[in-house]
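No lab work stands behind these numbers, since they all come straight from the coordinates. Predicted, not measured: the structure shown is a model, and the values here were computed from it. Virtual Cβ from ideal backbone geometry, glycine too; neighbours counted across all protein chains shown.
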Amino acid sequence: MPAPLKADLLLSGCDVVTIDGKNRVIANGAVAVRGNKIVWIGKASAAKRSVTATSTIDGSGQIAMPGLIDAHVHTAQTLLRGKIAEIDRRRPVKIPVWWNYYVPFESMLTDEDVYLSGLLCYANMISVGTTCFAEAGGPHPDAMARAAIDTGIRGFVSLNTIDQGDHWPKTMITTTRKALDGNVALVKRWAGTKGGTDRVQATLSLRQIMTCTPALIEAMAEAARALDVKIHTHLCEGVYEIDYALAKFGKRPAEYLLSLGALDRHMHCAHSVLLSENEMDLYVKHRPSACHCAFGNYAIGPHRLLEMWRRGIDIGLGTDGAASWGSLDIFQVAHMARVGQQAVNGTPFAYRNVMPSEEILKVATNGGARSLGIEKQIGSLEVGKKADILLVDRSQLDQSPLYDIYFVAANTVVGRDVRTVVIDGNVVMKDRELLTVDREEIERRLAERLPKLMDRFDKMTA
Ligand SMILES: [Zn+2]
């Protein structure tokens, strides 16, 4: 008999939903982790013979599945959660919200405010099963990165990038040169491994086409190719943006990016809702990635997630941050995406259940990883991949009886059913207890800082 495999951690007795190429499910299975990698997956009974682990977590009554990926979030807007709804009760909200509230709010924040936002945002994400995030671009990205390091989450931070327009707060707009240099320097600062891990990295960012000059877009695209990193942007998100591109350049947004040499696999285009047929073809051909933020996207238009996914576009799911809808729960985004896709692609043709359970779970995991260019590292439970693993309760009243594990994982599980979270091989939440974060300390700091921030924000946006 061969010597047992040595592991640091064994998750055992769980139903393993791998979301691998064959969508394998192992009932009463086990997953072994050494360092930050998955080294063994199989039956729990076989693990008893084949694996010796330093520590074991009992996963009975739970599902082991890959961590979810939030492919579009605004860390620095976390402290605005619910604020626009509160303003709306007092006076009409100014449109567009990102322009009139989100960017001015971000402009007020100090380094420490963003760190605090990051602690709240990433601790929240971990608590609902998100193990990797992609920041859209905000102020003080190094503070975000510090918060990501400290909470134990995996992620990509990025810098707010605006170099045109005359109504932006002073701290939010910069010159083309400084925008480019700041982005490149950020990516270089967080490249490679730190403390033995590459868990926290940075991408480049362009806020969106209306706030960035053509010169900056061209230069950023060139930098992305040289550094081989993503540029995180918002694209085809509003009618005003389509009109801007058509009026100014005679092209729709994706066509405009192509004309600048900026539509390739380095471009990560959040939303991508209002695509023409030609733009959809351009996505397939030139391979920019995308992110469907289902909480908000159906207020813009009938997002074509399913068509994009089935045509091979690298697309994941995102929350768009806590300010817009409140929740950072990708399980709930997945529920909404599926209902939305049914309405867009199924219902008009009397085609029921147009998106099977396993397909939406795949978008939320594999799809997110592909959209960020890290599908070889994360996005499924497979030997050799990084150990970003959830143990999710499947024994609640609203999950019983259990006939189909994919049905449960895609329909009845929400983020709060996540019990234990492993990221990069480290247990960061165990039985719902966050191990890296002092929850009371976060609340104490929020109670101290929020009244001052909101007082200023109310005056600023009155
Ligand atoms: Zn956004």
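Structure values in brief
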| quantity | calculated |
| --- | --- |
| Cross-link reach list, lysines versus K385, counting only Cα pairs under 20 Å and skipping chain neighbours closer than eight places | K6, K22, K37, K43, K194, K362, K376 |
| The stretch 251-371: relative contact order as a whole-number percent, Cα under 8 Å and 6+ apart | 24 percent |
| Protection proxy ranking, peptides 223-230, 9-16, average beta carbon neighbours within 10 Å, highest first | 9-16, 223-230 |
| Leading residue at positive end of dipole, the chain (Cβ point charges), from G118, T52, I149 | T52 |
| The chain, dipole about Cα centre (Lys/Arg Cβ +1, Asp/Glu Cβ -1), debye to the nearest 20 | 560 debye |
| Helix 141-151 axis, angle to the chain major axis (alpha carbon atoms, nearest 10°) | 20 degrees |
| Residues D431 and L397, FRET efficiency given R0 of 25 Å [Cβ-Cβ distance, rounded to 0.05] | 0.85 |
| Sequence-distant lysines (8 or more away, or on other chains) whose Cα lies within less than 26 Å of K452 | K83, K94, K170 |
| Cα-based shape type of the stretch 68-371, given that a ≥ b ≥ c are square roots of the gyration tensor eigenvalues and the cut on a/c is 1.5 | rounded |
| Relative contact order (%) - the stretch 359-462, alpha-carbon pairs under 8 angstrom, separation at least six | 18 percent |
| Inter-probe distance in nm under a simple model that places probes 7 Å from Cα toward Cβ, at R90 and I300 | 2.9 nm |
| Percent RCO, i.e. relative contact order, over the stretch 68-371, from Cα pairs under 8 Å lying at least 6 residues apart | 20 percent |
| Overall Cα dimensions of the stretch 10-99 - principal axes, largest extent first, Å | 66, 29, 24 |
| DSSP beta bridge pairing in the chain, given as percent antiparallel to the nearest 5 | 45 percent |
| Cα gyration tensor category, rounded, prolate or oblate, for the stretch 307-353 with a/c compared to 1.5 | oblate |
